[in-house]
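Enquirer: Structure provided below as structure tokens; questions to follow.
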Amino acid sequence: MKVTEFSIANFKSFSNYQAPPTGVASGLRTINMIYGENNSGKSNILKFIDIVFSGKISREAPVIVEGALTQRDQFIGGFWQGVIMDQPFIYHKNERTRVIEIFFKVEILNDEIEDSGFEKLEVLLKEFPTGSNVSTIEFKAEIKNFKDPYTSLFELKEAKLNGLEIYADITGSKKRYFNNGATGHALYEDSVSFESLISILNNKVLFLDNDRYYSKEIDTNSLILTTKNFKNWLYKLSLDPINYKKYEKFKKFVRDQSFRGVAGRIFKDFDPTYSNVNGEIELNLSNGSDRLPISSFGTGIHQILFLLTLIFETKAKILLIEELELNLSPQSQRELLQIFRRLIGSKVVDQVIFTTHSPYLRSTTDFSIYEVSMNSVGVSQIENKAAVRPSFFNYKRH
């Protein structure tokens, strides 16, 4: 799965009343860099993509205890319809009467469709043909004000597969499925097959914001991986007999990433140990003949290890990384991007989109480059940029 084009309108710093539109990006490749000054709106792009592809609340069920309504259970559905919770101030200048307008073009391998369990692939490719093993899904959607300033409603408006319609919201209540200009074909008005197809895009995006600093951790049973419980999460994984093989695969995954310099010495023989002092979990790593707590290493090592752990653990195919260079030297920035290339080559991930302030990453030819700036009326605009010097991946270091 790879996003190749998108447009944003009325989301945070991107308006929907500029002509021509300012929130359009095309020509995205497997690795993509977004740069700009502080508060230019570049991070809003990552937040936008994350919100679009995150699962939405499909319904709420009241829970009655002793005759009283005590809470509501929330059911996470697909990305393409439902309620967005706890997201205030996502509308441009907080104008909630204007809808957020969305367009995406996504490439997906036909093999991915088959691997998803889609039952009518042969019929699908016959009725909606493509000239290669790559199909293109395009969709338009809207986010509109819902019940209160913290909730919004996501509605898919239309979708196409290989240029032909597969979904249309006609009246808000009446939908049209797989209408490619002919009636009576095998997928005509097949809503079940449509949901099966569009759901392939569910949970495929991982957003890593710039809050990537470790903290002191007590021994808990939390199973959700964050920077705030990272050491505890690894510790629990190492103790779990059911997931022992997974833990061993994780250690090998880290060792296989060919870092140089300090990171190379630390991760080459990666085999962490853990200590528990007064209920506080510490992760210990080898550095030559010494074994030291990770708090003794630089924050760049923290960033690299957490990012590798997320990549290993997630099923996402698109990584969104805010401030890739955070606490990383130019050498580590380059090596991390080399790792991304290897992971893409081995199909662990399909695409990386990152923001940066780093002048070291600012002018290369290895990925698509986009500059985000703020115009005189406070509206962000995206501009495709050409590279101005040769690929730094091929530079010889002196």
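The values are calculated or read from the model by the stated rules, or taken from the named source; none is laboratory data. Note that the structure is a prediction, hence the values are computed from the model and not measured. Here the Cβ positions follow ideal geometry from the backbone for every residue, glycine too, while neighbour counts run over all protein chains shown.
Enquirer: Within the range 33-40, does at least one residue satisfy the condition of being closer than 28 Å to residue 350 by Cα, β-branched (Val, Ile, Thr) and at pLDDT below 95?
Expert: yes
Enquirer: Next up: Given the condition of a type in the set (Lys, Arg) and under 18 Å from residue 42 (Cα atoms), answer yes or no: does some residue in the range 323-344 qualify? Show your work before the answer.
Expert: The first filter runs over the range 323-344 and keeps only residues of a type in the set (Lys, Arg), leaving 334, 341-342.
From what is left, the residues that are under 18 Å from residue 42 (Cα atoms) are none.
The answer is no; no qualifying residue exists.
Enquirer: Suppose we filter the range 364-387 for residues that are in a loop (DSSP other than H, G, I, E, B) and either under 26 Å from residue 95 (Cβ atoms) or at pLDDT 90 or above (or both); how many remain? Give the steps one after another, and end with the answer.
Expert: Of the range 364-387, the ones in a loop (DSSP other than H, G, I, E, B) are 364-367, 375-379, 386-387.
Those still in the list that are either under 26 Å from residue 95 (Cβ atoms) or at pLDDT 90 or above (or both) too: 375-379.
Number satisfying all stated conditions: 5.
Enquirer: I'm checking my understanding of the structure. Among residues of the range 150-185 that are of a type in the set (Gly, Ala, Ser) and at pLDDT 85 or above, which one is surrounded by the most Cβ atoms within 10 Å (Cβ to Cβ)?
Expert: Among those that are of a type in the set (Gly, Ala, Ser) and at pLDDT 85 or above, it is 152.
Enquirer: Grab the strands (runs of 3 or more DSSP E) fully contained in the range 146-200, keeping just those with 1 or more residues being in contact with a Lys or Arg (Cβ under 8 Å, 6 or more places away or on another chain) and within 15 Å of residue 125 (Cα to Cα).
Expert: Details: elements: 152-161, 164-169, 175-177.
The qualifying strands (runs of 3 or more DSSP E) are 164-169.
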